[in-house]
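A short reminder: the numbers here are calculations on the coordinates, not readings from a lab. What you are looking at is a predicted structure, and each value in this text was computed from that prediction instead of being measured. Don't worry about glycine lacking a Cβ; one is built from the backbone with ideal geometry, like all the others, and counts go over all protein chains shown.
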Amino acid sequence: MIINHPLLGPRDAAEFVYLGDASLMERPDPQGPEAADNFHDYAYLRKNPAGEHRELWYHEQGDRSWLVVTRNTLTHEISKVELARDVAVTRRGGQ
Amino acid sequence: MRYSALNILRQGLTGNKGWKPLWRDPTPKPEYDIVIVGAGGHGLATAYYLAKEYGLTNIAVLEKGWLGSGNIGRNTTIIRSNYMLLGNEPFYEMSMKLWEGLEQDFNYNAMVSQRSILNLFHSDPQRDAFVRRANSMLLAGADAELADEAQLRRELPFLDFDNARFPIKGGLYQRRGGTVRHDAVAWGYARGADQRGVDIIQNCEVTGFQIKNGVCAGVDTVRGPIRAKKVAVCVAGSSGRVMSLAGMRLPIESHVLQAFVTEGLKPVLPGVITFGAGHFYVSQSDKGGLVFGGDIDGYNTYAQRGNLPVVEDVAEGGMAIMPMIGRTRLLRSWGGVMDMSMDGSPFIDKTHIDGLYFNGGWCYGGFKATPASGFCYAHLLAKDTPHPVATEYRLDRFRRGHLIDEKGVGAQPNLH
């Protein structure tokens with residue numbers, strides 16, 4: 001698979017380390033009322049769709065950036081690659 | 001028809017015209033006591049043991065494609081019970097004992113060959129870890145035998161003992177381990193279940209579950225709805241897809257594992273051999289081909305094919321322990337989809353929906369578990385309590401903190 005890095009261009013997936021479901025970026029509130037349940041779901045019940053999947057890849061043998069890759073788990077086709085930092089900033093409302 | 005030497009003789013003298021198909025092709029009835037989703041090894045074993053051990057025969061096994069078309073026909077056929085943790089080892093040892101009596105039990109030749117499995121170690125700390133595992137195996141009634149370097153040099157002179165990076169210091173034998181003809185396992189269980197009245201219905205994909213007020217009363221299929229008192233899902237590889245039809249999310253990721261076969265060689269490998277410093281396991285089939293595999297590709301996928309970096313990694317693992325295989329040519333490679341669970345161990349459990357049961361999460365160790373998985377799942381379905389050796393395989397173990405993590409790598413499915 002070739003991952004089209006937003007800064008470095010097309011790179012071989014073998015340069016990356018795979019972490020999984022991109023919702024791992026959305027850590028629950030440890031002080032929240034149902035923190036134990038939320039952390040259980042956060043850590044163990046990840047999305048596992050047959051089809052489009054947003055997932056975290058770490059460019060270990062490159063610029064060490066975290067990427068959010070949107071990839072189809074049935075065809076391995078990659079439709080979108082974003083810097084995880086940009087995704088996190090957008091989610092926080094541009095800060 | 002019972003298979004025997006006498007029967008072969010009789011059929012041989014009468015032109016082999018009396019052989020019957022191994023199973024019927026029934027049309028689905030509107031209702032069963034138990035519907036098993038998935039006619040793979042585990043599903044068929046479950047039906048077989050339900051009928052044989054627990055006397056329940058009003059059962060249907062539904063299969064999306066053809067019988068045995070999933071991972072039962074895609075694995076590297078290894079059987080072993082060399083686990084360490086208490087939640088696992090008694091279960092896998094039960095499986096090994098069932099393998100040992102399987103062919104007599106279901107009267108079918110599954111070519112169970114206890115040609116031994118050898119896990120190589122390459123350093124003193126790894127030796128200590130293997131001694132610990134061996135003791136754990138012995139405590140569960142399995143066999144384990146530590147071999148030092150001198151013994152291995154005598155028995156397996158072709159190994160690269162003086163490899164500069166990963167010298168071979170010895171190994172852990174389980175002599176009762178070995179290989180089994182994988183397709184024959186599915187066929188034997190299917191025949192045994194069918195003979196006892198179980199309906200095996202192929203080309204019958206499940207498209208939904210009939211769930212009302214937290215109770216599952218049956219399934220919808222492409223061949224119409226089927227009511228059932230109990231629905232037992234057993235579709236490892238597709239667990240995520242099928243259970244999402246019931247609105248459930250599982251502690252499982254789906255990954256692809258590749259396997260490889262070389263051209264046929266004269267007998268060179270006496271048993272199964274595994275590399276201790278990378279991930280590589282190899283055996284030689286009765287046709288002579290080297291059958292081997294290594295790591296999963298490492299990313300979520302439902303495609304039954306992998307990518308080239310892992311092919312290279314597996315080949316490097318092979319070359320590191322037995323350079324003699326460098327000149328053999330690969331004939332075939334293929335991929336199968338694995339249920340990689342969050343701690344590397346499986347599930348055999350009821351779900352929070354009444355009447356809906358789940359068996360899955362076998363990572364890439366499901367084949368060796370086939371008999372015990374079927375037996376324990378049948379026990380759970382018949383008695384509604386887990387079998388004594390499968391009490392730890394609960395879906396809520398992460399919530400309780402009772403993980404069964406053999407490798408100790410945590411909630412990172414692609415590392416198990």
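Tally Lys and Arg at +1 and Asp and Glu at -1 over the other residues with C-beta under 13 Å from the C-beta of B:TRP66: what net charge comes out?
It works out to a net charge of -3.
Can you tell me, using C-alpha contacts under 8 Å and at least 6 residues apart, the relative contact order of chain A as a whole percent?
Relative contact order for chain A comes out at 25 percent.
For chain B, set up a Gaussian network in which alpha carbons nearer than 10 Å are linked by springs, and say which option among B:ARG154, B:ARG191, B:ARG175 fluctuates the most.
Answer for the Gaussian network model of chain B: B:ARG154.
Which residues' amide hydrogens lie under 5 Å from the amide hydrogen of B:GLY298, considering only partners 5 or more residues apart or on another chain, with H built in the peptide plane?
When sequence neighbours closer than 5 places are left aside, the close amide H contacts are B:VAL256.
Report the extension gain between B:ARG2 and B:SER69 in nm, rounded to one decimal, defined as 0.36 nm multiplied by the number of residues separating them, less their alpha carbon distance.
21.6 nm
Could you work out which residue, out of A:LEU19, A:LEU56, A:LEU67, moves most in a Gaussian network model of chain A, that is, has the largest mean-square fluctuation with Cα springs under 10 Å?
A:LEU19
If the limit is 32 Å between Cα atoms, which of B:LYS29/B:LYS97; A:LYS80/B:LYS350; B:LYS17/B:LYS97; A:LYS47/B:LYS350; B:LYS29/B:LYS52 go over it?
B:LYS29/B:LYS97; A:LYS80/B:LYS350; B:LYS17/B:LYS97
May I ask you to evaluate 6.51 cos²θ - 1.76 cosθ + 1.60, the Karplus curve with θ = phi - 60°, for each residue of the range B:148-157 and list the ³J(HN,Hα) values in order in whole Hz, giving x for glycine and proline?
Per residue, the Karplus-derived 3J(HN,Hα) values read 8, 4, 4, 5, 5, 4, 6, 7, 10, x Hz.
Please compute, for the alpha-carbon atoms of the protein assembly as shown, the extent along each of the three principal axes and give them in descending order in Å.
Result, largest extent first: 82, 65, 42 Å.
Give the lysines whose C-alpha is closer than 25 Å to that of B:LYS287, dropping any in the same chain fewer than 8 places away, or say none.
In chain and number order, the partners are B:LYS266, B:LYS368.
State to the nearest 20 debye the size of the charge dipole of the protein assembly as shown about its Cα centre, where the only charges are +1 on K and R beta carbons and -1 on D and E beta carbons.
1360 debye
Evaluate the distance, in nm, between pseudo-label points positioned 7 Å from the Cα of A:ARG85 and of B:ARG154 along their respective Cα→Cβ axes.
The two pseudo-label positions are separated by 6.2 nm.
Expected output is a single nm value to one decimal: the length gained when fully extending between B:HIS279 and B:ASP405, i.e. 0.36 nm times separation in residues minus the C-alpha distance. What is it?
Extending this stretch completely gives an extra 43.6 nm.
Collect residues whose amide H, placed 1.01 Å from N in the peptide plane, falls under 5 Å from the amide H of A:ASN4; neighbours closer than 5 in sequence don't count.
A:ARG11
Count charges around B:THR179 for me, please; just the other residues with Cβ under 15 Å from its Cβ, Lys/Arg as +1, Asp/Glu as -1.
For residues surrounding B:THR179, the net value is +4.
For chain B, what does the relative contact order come out to in percent, with C-alpha contacts under 8 Å and a separation of six or more?
22 percent
Tell me, what HN-Hα J-couplings in whole Hz come from the Karplus equation 6.51 cos²θ - 1.76 cosθ + 1.60 at θ = phi - 60° for each residue of the range B:31-44, using x for Gly and Pro?
Working through the residues one at a time gives 8, 9, 5, 9, 10, 9, 9, x, 9, x, x, 5, x, 5 Hz.
Could you order the peptides B:15-28, A:38-51, B:360-373 from most to least packed, using the average number of other C-beta atoms within 10 Å per residue?
B:360-373, A:38-51, B:15-28
Would you calculate a helix-derived [θ] at 222 nm for chain B, using -39,500 (n - 2.57) for each DSSP H run of n ≥ 4 and dividing by the full residue count, to the nearest 500?
-8500 deg cm²/dmol
If you put +1 on each Lys and Arg Cβ and -1 on each Asp and Glu Cβ, how big is the dipole of chain B around its Cα centre, in Debye rounded to 20?
The calculation lands at about 1040 debye.
Using a 7 Å offset from Cα along Cα-Cβ at B:ARG332, what residues in the range B:278-293 end up with backbone N under 19 Å from the label point?
Once the point is set 7 Å along Cα→Cβ of B:ARG332, B:281-293 turn out to lie under 19 Å by backbone N, inside the range B:278-293.
Determine the relative contact order of the range B:254-409: mean sequence separation of Cα pairs under 8 Å and six or more apart, normalised by residue count, in whole percent.
Computed value for the range B:254-409: 22 percent relative contact order.
In deg cm²/dmol, rounded to 500, what helix-only [θ] at 222 nm does chain A give when every DSSP H run of at least 4 residues adds -39500 (n - 2.57) and the total is split over its residues?
It comes out at -5500 deg cm²/dmol, rounded to the nearest 500.
Taking θ as phi - 60°, what are the ³J(HN,Hα) couplings along the range B:408-416 by the Karplus curve (6.51, -1.76, 1.60), each to the nearest whole Hz, with x for Gly and Pro?
Along the range B:408-416, the couplings run x, 10, x, 7, 10, x, 6, 9, 6 Hz.
Considering only C-alpha atoms, what is the centroid distance from the range B:348-395 to the range B:69-120, in Å?
17 Å
Can you list residues whose amide H is under 5 Å from B:ILE36's amide H, if they're 5+ apart or on another chain and H is modeled 1.01 Å from N?
The answer is B:ALA60, B:VAL61, B:LEU62, B:ALA232.
How tilted is helix B:370-383 with respect to the longest principal axis of chain B? Cα atoms for both, answer in degrees (0 to 90, nearest 10).
30 degrees
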